[in-house]
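Q: Dropping the structure in here first, questions after.
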Amino acid sequence: MPKFFILAGILMFLAGCFSERFGESVRYRSEAPDPIKVTMPPDAIFISQQFLVSRETSDRHEGIDLWGPRSTPIIAAAPGVVVASWQEPLYGNRVRIDHGVDAEGNQISTRYFHLESRAVEVGQRVERGEFIGRMGATGVLAGAGVHLHFEVLVAEPEEQAMPIDPHLVWADGVGRVTCFDPQVRYPEGVIVMTYPAACDG
């Protein structure tokens with residue numbers, strides 16, 4: 001049996017195992033240069049892979065992976081304007097949102113990969129917590145495993161943007177994953193993120 005099909009089968013099995021896990025995240029890999037202590041809310045879906053840009057190896061994982069059931073609602077992590085919403089072979093259905101300039105003058109954007117479906121169009125203004133698509137397994141790099149690959153980028157244009165660890169910019173502080181709450185007033189003039197998947201509670 002070809003290795004690809006074996007790997008795809010393993011990933012589908014793991015996706016099933018992770019689909020009901022909440023309030024947990026995997027540890028950073030040992031080669032991660034700056035691991036962050038991550039605190040998860042009890043109703044946030046599982047983080048199956050952490051950010052990794054290693055100084056020692058060529059390994060890179062420029063965001064975090066959230067595992068959950070197929071069609072889990074995916075929401076905007078901060079207010080902004082949709083600057084990309086399309087499908088391509090590697091990452092499948094993908095959305096990019098421009099969140100504007102932070103207090104240090106850095107352009108901040110987020111990317112959402114492997115979506116089952118997209119609910120936003122280029123030029124559309126979205127608010128924090130607004131529904132933008134559903135979790136899926138589209139694109140070759142999804143490996144048939146249902147998940148969201150979520151990235152936070154600094155600078156423009158997209159080709160020159162630098163990925164940063166999403167755990168650096170949660171609304172509740174570094175490493176404190178923050179579920180979106182429509183009752184909370186988030187700070188204005190400061191770009192902070194809330195979890196890009198709707199929490200159960």
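Q: Looking only at the stretch 181-201, which residues are exposed (fewer than 15 other Cβ atoms within 10 Å of the Cβ) and among the hydrophobic types (A, V, I, L, M, F, W, C)?
A: 184, 190
Q: Further question on the same structure: How about the stretch 121-172: which of its residues are among the charged types (D, E, K, R) and farther than 18 Å from residue 50 by Cα?
A: Residues of the stretch 121-172 among the charged types (D, E, K, R): 121, 125, 127-128, 130, 134, 151, 156, 158-159, 165, 172.
121, 125, 127, 128, 130, 134, 156, 158, 159, 172 - these are the residues of the stretch 121-172 that are among the charged types (D, E, K, R) and farther than 18 Å from residue 50 by Cα.
Q: If you don't mind, there's one more thing I want to ask. Only one residue in 111, 60 is touching a residue at least 12 places away in the same chain (Cβ under 8 Å) and among the basic types (Lys, Arg). Which one?
A: Working: 60 fails: touching a residue at least 12 places away in the same chain (Cβ under 8 Å).
So the residue among 111, 60 that is touching a residue at least 12 places away in the same chain (Cβ under 8 Å) and among the basic types (Lys, Arg) is 111.
Q: Here's a follow-up. Taking the residues in the stretch 149-180 that are under 23 Å from residue 23 (Cβ atoms) and without any contact (Cβ under 8 Å) to a residue 24 or more places away in the chain as candidates, determine which candidate is surrounded by the fewest Cβ atoms within 10 Å (Cβ to Cβ).
A: Among them, the one singled out is 173.
Q: Inside the stretch 101-163, counting only strands (runs of 3 or more DSSP E) that do not spill past its ends, which hold 3 or more residues that are aliphatic (A, V, I, L, M)?
A: It comes to 147-154.
Q: Based on this model, can you work out whether residue 74 counts as surrounded by 17 or more Cβ atoms within 10 Å (Cβ to Cβ), in a strand (DSSP E or B), free of Cβ contacts under 8 Å to residues at least 40 places away in the same chain and among the β-branched types (Val, Ile, Thr)? Walk me through how you get there before you give the answer.
A: Working: surrounded by 17 or more Cβ atoms within 10 Å (Cβ to Cβ): yes; in a strand (DSSP E or B): yes; free of Cβ contacts under 8 Å to residues at least 40 places away in the same chain: no; among the β-branched types (Val, Ile, Thr): yes.
Considered against the rule, which asks whether it is surrounded by 17 or more Cβ atoms within 10 Å (Cβ to Cβ), in a strand (DSSP E or B), free of Cβ contacts under 8 Å to residues at least 40 places away in the same chain and among the β-branched types (Val, Ile, Thr), residue 74 comes out as no.
Q: Residue 145 fails exactly one of the following numbered conditions: (1) modelled with pLDDT of 95 or more; (2) open to solvent by less than 20 Å² (accessible area, probe 1.4 Å); (3) in contact with a helix residue (DSSP H, G or I) (Cβ under 8 Å, 6 or more places away or on another chain). What is the number of that condition?
A: Checking residue 145 against (1) modelled with pLDDT of 95 or more; (2) open to solvent by less than 20 Å² (accessible area, probe 1.4 Å); (3) in contact with a helix residue (DSSP H, G or I) (Cβ under 8 Å, 6 or more places away or on another chain), the one that fails is (1).
Q: If you don't mind, there's one more thing I want to ask. Among the residues of the stretch 99-125, count how many are within 17 Å of the chain's Cα centre (by Cα) and open to solvent by 40 Å² or more (accessible area, probe 1.4 Å).
A: 4
Q: Can you pull out the residues in the stretch 77-88 that are open to solvent by 20 Å² or more (accessible area, probe 1.4 Å) and among the hydrophobic types (A, V, I, L, M, F, W, C)?
A: 81, 83, 86
The values are calculated or read from the model by the stated rules, or taken from the named source; none is laboratory data. Here the structure is a predicted model, which is why all the values come from computation and not from measurement. Counting neighbours? That spans all protein chains shown, and the Cβs are built from the backbone with ideal geometry, glycine included. The protein model used for the area step is the full one, side chains on, heavy atoms only, and it has no ligands, DNA or RNA in it. Shrake-Rupley method; radii C 1.70, N 1.55, O 1.52, S 1.80 Å.
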